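Student: Take a look at the following structure, please.
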Amino acid sequence: PALDAAAKSYPLSLGVYVDPKWNFGSLRYDPPSEKFPNTCSVHITNALSPRSIFDDPAYMPDCFLRMLADMKSHHGSCRIRTGSWLNSEPRFLSLFPEEWQRNLTDSDPTPAWHFGYWGQIFNARGLLNDRMDAYIRNNRRLRFPMRVSNCSLENLENHLKKMIGG
C-alpha cells in the first residue's frame, strides 16, 4: 500500500534509473576489445527496481538468452565474462554452467570503488540495504566477495535452456 501510494505520487522516485543502453533487461555488454579479445564483458543492473532480479526465476535466464543471441549474431562464438559480487551469490551462480564455476577467480580482500564490489550494499529500491550494512559493520568485510569468471556462449546458452526447460 505505501509503495503503491509512493508510485502514484512520485513515479520517478522509485527504483533505480536504467539508461536505455541496458538493452537486455538488467544486462548489457561490451564487445570484444584489445584487453579482452574474443570476449564480451557483461554489466548487470536491476532494471526491475524496486523489485529484485531474482523475484521471477525466468527473468535473468531470459535476459541472458536474449543477450547471448545478440552476441552470437554480432561477434560469433566469443566468450562471456563478468566481475561482480554476484559471482559469490548462489542465486546468480545457479544461472551458469560448470565451466563458469571452474573459472571463478579468488576474491581480492581489498574492495575497489565500483559496483562490482559495492552493489550489494543497495537494496532493490536503490537504497541502503540495512541487513548488508549491519553484516559489513559486524564482520568488517563484504558478505559477497567480488569475483570474475567466464565461459563459452554455447555452454551458457545450453545451461540456461536446460534450466528453463527449453
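The values are calculated or read from the model by the stated rules, or taken from the named source; none is laboratory data. This structure is a prediction, so every number in the text was calculated from the model and none was measured. Virtual Cβ from ideal backbone geometry, glycine too; neighbours counted across all protein chains shown. When the accessible area is computed, the model is the full protein with side chains, heavy atoms only, and any ligands, DNA or RNA have been set aside. Shrake-Rupley method; radii C 1.70, N 1.55, O 1.52, S 1.80 Å.
Student: Going through the range 20-117, which GluC sites (Glu not before Pro) have at most 15 other Cβ atoms within 10 Å and a DSSP loop state?
Tutor: 34
Student: For residue 72, give me every one of the aspartates and glutamates with a C-alpha distance below 15 angstrom, ignoring sequence neighbours fewer than eight places off in its own chain.
Tutor: Candidates past the 8-residue exclusion: 30, 154, 157.
Student: Another question, if that's okay. Return the long-range amide H neighbours of residue 39 (sequence gap of 5 or more, or a different chain), with a cut-off of under 5 Å between placed amide H atoms.
Tutor: 33, 79
Student: Measuring with a 1.4 Å probe in the full set of protein chains, what accessible area per residue, in whole Å², belongs to the chain?
Tutor: 60 Å²
Student: Build a GNM of the chain with springs between Cα atoms under 10 Å: which of 137, 66, 81 gets the top mean-square fluctuation?
Tutor: The residue that fluctuates most here is 137.
Student: Leaving out ligands, DNA and RNA, what percent of the accessible area of the range 39-117 is carbon and sulfur, probe 1.4 Å?
Tutor: 54 percent
Student: With the Cα gyration tensor of the range 43-127 in hand, give its eigenvalues times 5 under a square root as the equivalent ellipsoid semi-axes, listed largest first in whole angstrom.
Tutor: Value: 22, 18, 13 Å, ordered largest first.
Student: Compare the Cα positions of 150, 36, 120 along the charge dipole of the chain (+1 at Cβ of Lys, Arg; -1 at Cβ of Asp, Glu; about the Cα centre) and return the one farthest towards the positive end.
Tutor: 120
Student: Separate question: Non-local amide H neighbours of residue 146 (under 5 Å, H modeled in plane, Pro and chain starts lacking H): which ones?
Tutor: Under 5 Å from the amide H of residue 146: 108.
Student: List the aspartates and glutamates whose Cα sits under 13 Å from the Cα of residue 161, skipping any in the same chain fewer than 8 residues away.
Tutor: Straight-line reach from residue 161, under 13 Å: 62.
Student: For the chain, what is the relative contact order in percent, using Cα pairs closer than 8 Å and at least 6 residues apart in sequence? List each step's numbers first, then the result.
Tutor: Values: 231 pairs, mean separation 42.1, N = 166.
Contact order relative to length: 25 percent.
Student: Here's another thing I want to ask about it. Short version: ³J(HN,Hα) in whole Hz for each residue of the range 139-144, in order, from phi by Karplus 6.51 cos²θ - 1.76 cosθ + 1.60 (θ = phi - 60°), x for Gly and Pro, what are they?
Tutor: 9, 6, 7, 6, 5, 10
Student: From the phi angles alone, apply the Karplus equation (6.51, -1.76, 1.60; θ = phi - 60°) to the range 52-63 and give each ³J(HN,Hα) in whole Hz, x where the residue is Gly or Pro.
Tutor: 8, 5, 9, 4, 9, x, 8, 4, 5, x, 5, 4
Student: Counting helices only, and only those DSSP H runs with n ≥ 4, report the 222 nm mean residue ellipticity of the chain as the sum of -39,500 (n - 2.57) divided by its residues, in deg cm²/dmol to the nearest 500.
Tutor: -10000 deg cm²/dmol
Student: For a quick check, take a GNM of the chain with Cα springs below 10 Å and name the residue from 33, 77, 49 with the largest mean-square fluctuation.
Tutor: Maximum fluctuation in the GNM of the chain, among the listed residues, is at 33.
Student: If amide hydrogens are placed 1.01 Å from N in the peptide plane, which non-local residues have theirs closer than 5 Å to the one on residue 122?
Tutor: Answer set, sorted by chain and number: 129.
Student: Report the Cα-based extents of the range 84-125 along its three principal axes, largest first, to the nearest Å.
Tutor: Projected onto its principal axes, the Cα set of the range 84-125 covers 29, 25, 11 Å.
Student: Still on this structure: Evaluate the Debye formula for the chain with equal point scatterers sitting on the alpha carbons, no solvent, and hand back log10 of I(q)/I(0) at q = 0.15, 0.19, 0.20 Å⁻¹, in q order, two decimals.
Tutor: Debye output, listed in q order: -0.90, -1.32, -1.42.
Student: From zero up to wherever the largest Cα-Cα distance of the range 76-166 sits, split into 10 Å bins and tell me the percent of pairs in each.
Tutor: For the range 76-166, the binned pair fractions read 16, 41, 28, 13, 1 percent.
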